[in-house]
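These notes concern the structure reproduced below.
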Amino acid sequence: MSEDRCEHLVKILMIGESAVGKSCLIQRFTKNEFSMHHTSTIAIDFKMKVIDIDGTKIKMQIWDTAGQERFNTLTSGFFKGSDGIVLTYSLTDEKSFQCVNKWMDQIQKLAPADVKVLLIGNKSDLEEERKVTREEGEAMAEKHKVKFYEASAKTGENIQELFHDIGKQIFEKISQNPVVNFNPQKSEKLSGYLSKRKLPCCGGSTKNE
C-alpha cells in the first residue's frame, strides 16, 4: 500500500502498566510478528502502518510508551494531540487491571476531549493464568464508556480488529470535521528526533510483554 497516497496521518498512543504487552501488540499489528523475549520499552518509541478505512488510506503513527512510573513525566506530554488511545492491561495481572482507573484519569486530564479510547485485555492465550474475567473487563469499559476487546499478541486474536476499530472511530470524527492533517515529512522528522534521543537499553525482558 503506497504511503504517498495517504489522506490522513493519525496519532495513536499505547498506554498501560509495564509488561502488559503494549510493544508486542504493536509488533503483531505492524509486522505480524511475536517474540517471547521482548526488551522493555525505554521511555517512548513509535511505529507506522497504513490501513484502509472505507476506501480511505489512513497512516497510523502508533506511539509505544513505557509503563514504568519513572517515565510518567516524559510520556505524559504525548497525550496532547493524540487522536486515539489504546489502554492495555494484562488478563494475568490484576494490578495492571486495577491501574486502569489511574490511566483513565490521565486521559481525562491530559488528552484532547474528543480522543477515541479502547480498553484492551491482553494475553487471552494464557487462559490458565487468567486473573481478570471478561465480565470485569466489560464492566470497566462500560464504567468509562469506551469499547473493549480481549486480545492476544501471541496468537493475533483481535489485533487487526482493535486497531481498525479505533482507526474507523478516528476517521468518522475526521469526516464530521474535515481537516487535512497528513504531513508526509512528519514521520521523517519524528524518526530523526527519536534517533537523537536514544537511551541505553536496561537489558530487561518480560514474558509475553
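Per-structure values
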item: Of all residues making up segment 20-30, the number that are under 13 Å from Lys123 (Cα atoms) and open to solvent by 30 Å² or more (accessible area, probe 1.4 Å); result: 1
item: Close pairs from segment 14-25: first under 13 Å from Leu162 (Cβ atoms) and aliphatic (A, V, I, L, M), partner in a strand (DSSP E or B) and open to solvent by 10 Å² or more (accessible area, probe 1.4 Å), Cβ under 6 Å, at least 6 apart; result: Met14/Asp64
item: Any hit, segment 92-109, residues being open to solvent by 30 Å² or more (accessible area, probe 1.4 Å), closer than 15 Å to Val146 by Cβ, modelled with pLDDT of 95 or more and assigned to a strand (DSSP E or B); result: no
item: Criterion: of a type in the set (Lys, Arg) and closer than 22 Å to Ile53 by Cα - qualifying residue of Lys145, Lys168, Lys123; result: Lys168
item: Count of segment 144-159 residues which are touching a Gly at 6+ places or on another chain (Cβ under 9 Å) and open to solvent by 70 Å² or more (accessible area, probe 1.4 Å); result: 1
item: Filter result for Lys168 (over 17 Å from Glu17 (Cβ atoms) and either loosely packed, with under 14 Cβ neighbours inside 10 Å or in contact with a Cys (Cβ under 8 Å, 6 or more places away or on another chain) (or both)); result: no
item: Subset of segment 133-166 (residues that are of a type in the set (Asp, Glu) and touching a Lys or Arg at 6+ places or on another chain (Cβ under 8 Å)); result: Glu150, Asp165
item: Complete set of residues in segment 122-143 that are surrounded by fewer than 18 Cβ atoms within 10 Å (Cβ to Cβ) and under 23 Å from Ser82 (Cβ atoms); result: Glu142, Lys143
item: So Phe46, is it at pLDDT below 90 and in a strand (DSSP E or B); result: yes
item: Selected residue (only one of Pro200, Pro184, Pro112 is modelled with pLDDT of 50 or more and at negative phi); result: Pro112
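Conditions (1) modelled with pLDDT under 95; (2) in a helix (DSSP H, G or I); (3) on the phi < 0 side of the Ramachandran plot; (4) of a type in the set (Val, Ile, Thr), marked per residue:
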| position | (1), (2), (3), (4) |
| --- | --- |
| Glu128 | no, yes, yes, no |
| Val132 | no, no, yes, yes |
| Glu135 | no, yes, yes, no |
| Lys143 | no, yes, yes, no |
| Gly156 | no, no, no, no |
| Asp165 | no, yes, yes, no |
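The values are calculated or read from the model by the stated rules, or taken from the named source; none is laboratory data. Remember, predicted model here, so these are calculated numbers, not experimental data. All Cβ positions, even for glycine, are placed from backbone atoms using ideal geometry, and neighbour counts span all protein chains on display. These accessible areas exclude ligands, DNA and RNA; they are computed on the full protein's heavy atoms, side chains included. Shrake-Rupley method; radii C 1.70, N 1.55, O 1.52, S 1.80 Å.
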